[in-house]
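Chemist: Got a structure here, written out as structure tokens. Questions coming.
Values in this text are rule-based calculations from the coordinates and carry no lab data. In this text the structure is predicted, and so the values were computed from the model without any measurement. No Cβ is skipped: glycine too gets one built from the backbone with ideal geometry, and neighbour counts run over all protein chains shown.
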Amino acid sequence: MKAALSRAIATTLAALLALAPAALAQAPETAPQESIQIGLSTDRVAITTDFSGADLTIFGALDNADPFISRQGRYDVIVVLEGPPRPLVVRKKTRVLGMWINTQSETYINVPSSYSLATTRAWQDITYPDNYRQMALGSENVSVTPLRAEGDRTTLAEFTAALRDRKRATGLYSERIGGVHFLSQSLFRATLHLAPNVPVGTHRARAFLFKNGVFVRESSAQLAILKSGFEQRIYRAAQEHGFLYGLGAVALAFVTGWLGRMIFRRD
């Protein structure tokens, strides 16, 4: 009885092992995950003295996009152009004896000098607020690091809010809700704003892909913003020959003052 049962079990196992490769061959492959790519028409932008701001267009594409999800509009894209990080000092003025005097200050390190963003839809329609905070998306969530992180939390929060408000007031931090448009099920176009006072240097463009409110993938590219013409020559001279540039500036101020005195003096 036991021998017969053992032979039956062995035969069953042999049959299952023989069928396993065929079953694996017929099993459907896992669909590849979506990814995102962005491209810039140029890797550098030259600005002149009369530059008054402009719109920058970035094109992108989704790879392995699900047509069903695309038709339902459940893919969302957020595109960010972030300027080079620089240290920044925020000062607070207080009225003392009828005069406004700087009485407090906080120094921040690695603050993005500019931050332009565009989205497919309103913030609340893409994902949850916690995700934006974790990914530092949006001008309210831009990562800024105080030099003295151990300071009073209330004071730091006040200065950080003032930093962001000042950046927005000067146009360096901007958001364009609905600035990303899908041209097809997989191709999209993003329009970002460049402020008139956009800083020179290497800027980083980043695109974030969301599906049904879940972050999927990120892609990035670099963009160099440079001065051109006479302003570029002056800027380069100041950077490469600082001492001589300073002497020239003092001499120019002296000559201008002397000429003004000679022209407008009263005899």
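Chemist: In whole Å, what are the extents of region 121-205 along the principal axes defined by its C-alpha atoms, from largest to smallest?
Modeler: Each principal axis gives a Cα extent; for region 121-205 these are 50, 32, 21 Å.
Chemist: Hey, another quick one. Just check region 75-119 against the gyration tensor rule for me: Cα atoms, a ≥ b ≥ c as the square roots of the eigenvalues, rounded for a/c under 1.5, and otherwise prolate or oblate depending on whether a/b exceeds b/c.
Modeler: It comes out prolate by the Cα gyration axes.
Chemist: Let me ask you something else. In whole Hz, with x marking every Gly and Pro, tabulate ³J(HN,Hα) for region 211-218 from phi via Karplus 6.51 cos²θ - 1.76 cosθ + 1.60, θ = phi - 60°.
Modeler: Coupling constants for region 211-218: 10, 6, x, 10, 5, 10, 7, 10 Hz.
Chemist: Where Lys and Arg each count +1 and Asp and Glu each count -1, what net charge lies around Leu156 among other residues with Cβ under 10 Å from its Cβ?
Modeler: Around Leu156, the surrounding residues sum to -2.
Chemist: Check which residues have an amide H placed less than 5 Å from Tyr115's amide H, if you skip close sequence neighbours.
Modeler: Gly83, Tyr173, Ser174
Chemist: Thr48 to Arg261: extension gain in nm, 0.36 nm per residue of separation minus the Cα-Cα distance?
Modeler: 73.4 nm
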